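The values are calculated or read from the model by the stated rules, or taken from the named source; none is laboratory data. Fair warning: this is a prediction, and the values are worked out from it, not measured in the lab. Glycine also receives a Cβ, built like all others from the backbone with ideal geometry; neighbour counts cover every protein chain displayed.
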Amino acid sequence: MRQHQIIKAIVLALLFIATLNLGAQFYREYRQELELQRLQEEHPGITVCRLGGPPIDVSSRLYIELALVAAFIGIGLKRFQSKLFYFVGLIGVAVTYFFWWKYHFRIAENAGIRIGWGNHIAYLNEANYWDICIAVSIALLLLWEFSCAILSLFRTNSSTTLNSNRSDATSSSEKQG
């Protein structure tokens, strides 16, 4: 039970950090839009257009936030739904980080430039150190959960084998006696 509380606290902390990070991102976007509006007012001939929706860092942070909410809900639920929501949330964060990371390489390949271009941390476009902290924490949580699952498989098999051997020994001693 103590392990469950620790994991719940870690996921809650990650959710809090991701929420602050997303809020800071929205604030940066707001400030950037204000600056663009000011430039348009000062120079009437300038038109700024964004094609293709929000930047990859904004959409990735939003997906990460939603996946962490699913993981946190999964920790609070009981029975099978708990683990299912929890793992879907963790794997959703990992997949989002993978596609965000892959995006950097795809742009570099399409532009024909070297990999180290632009503003990135660990090849995540427009990332910051909070993003890296969340990614490493999720990777550690996934490793922890997979190692616990594998250990429980071996523990279950060995305890089942041990119990069946004991029952066989008891039944054979009863037959002899």
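If you take the residues in the range 25-72 that are out of contact with any helix residue (DSSP H, G or I) (no Cβ under 7 Å at 6 or more places or on another chain) and aromatic (Phe, Trp, Tyr), which one is farthest from Tyr86 (Cα to Cα)? In this case the residue turns out to be Tyr30.
Matching residues to (1) surrounded by 11 or more Cβ atoms within 10 Å (Cβ to Cβ); (2) part of a helix (DSSP H, G or I); (3) free of Cβ contacts under 8 Å to residues at least 24 places away in the same chain:
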{"residue": "His4", "(1), (2), (3)": "no, yes, no"}
{"residue": "Leu15", "(1), (2), (3)": "yes, yes, no"}
{"residue": "Gln25", "(1), (2), (3)": "yes, yes, no"}
{"residue": "Glu33", "(1), (2), (3)": "yes, yes, yes"}
{"residue": "Gln40", "(1), (2), (3)": "yes, yes, yes"}
{"residue": "Thr47", "(1), (2), (3)": "no, no, yes"}
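If you scan the range 49-79, which residues turn out to be exposed (fewer than 10 other Cβ atoms within 10 Å of the Cβ) and among the hydrophobic types (A, V, I, L, M, F, W, C)? Talk me through it step by step, then tell me what you get.
Residues of the range 49-79 that are exposed (fewer than 10 other Cβ atoms within 10 Å of the Cβ), as a first pass: 49-53, 78-79.
Listed by number, the residues that qualify are Cys49, Leu51.
Residues in the range 80-92 that are surrounded by fewer than 16 Cβ atoms within 10 Å (Cβ to Cβ) and closer than 18 Å to Ile6 by Cα: Ser82, Lys83.
Residue-wise test of (1) within 30 Å of Lys8 (Cβ to Cβ); (2) modelled with pLDDT of 85 or more.
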residue: Val48; (1), (2): no, no
residue: Glu65; (1), (2): yes, yes
residue: Ala70; (1), (2): yes, yes
residue: Phe80; (1), (2): yes, no
residue: Val93; (1), (2): yes, yes
residue: Thr96; (1), (2): yes, yes
residue: Phe105; (1), (2): no, no
residue: Ala122; (1), (2): yes, no
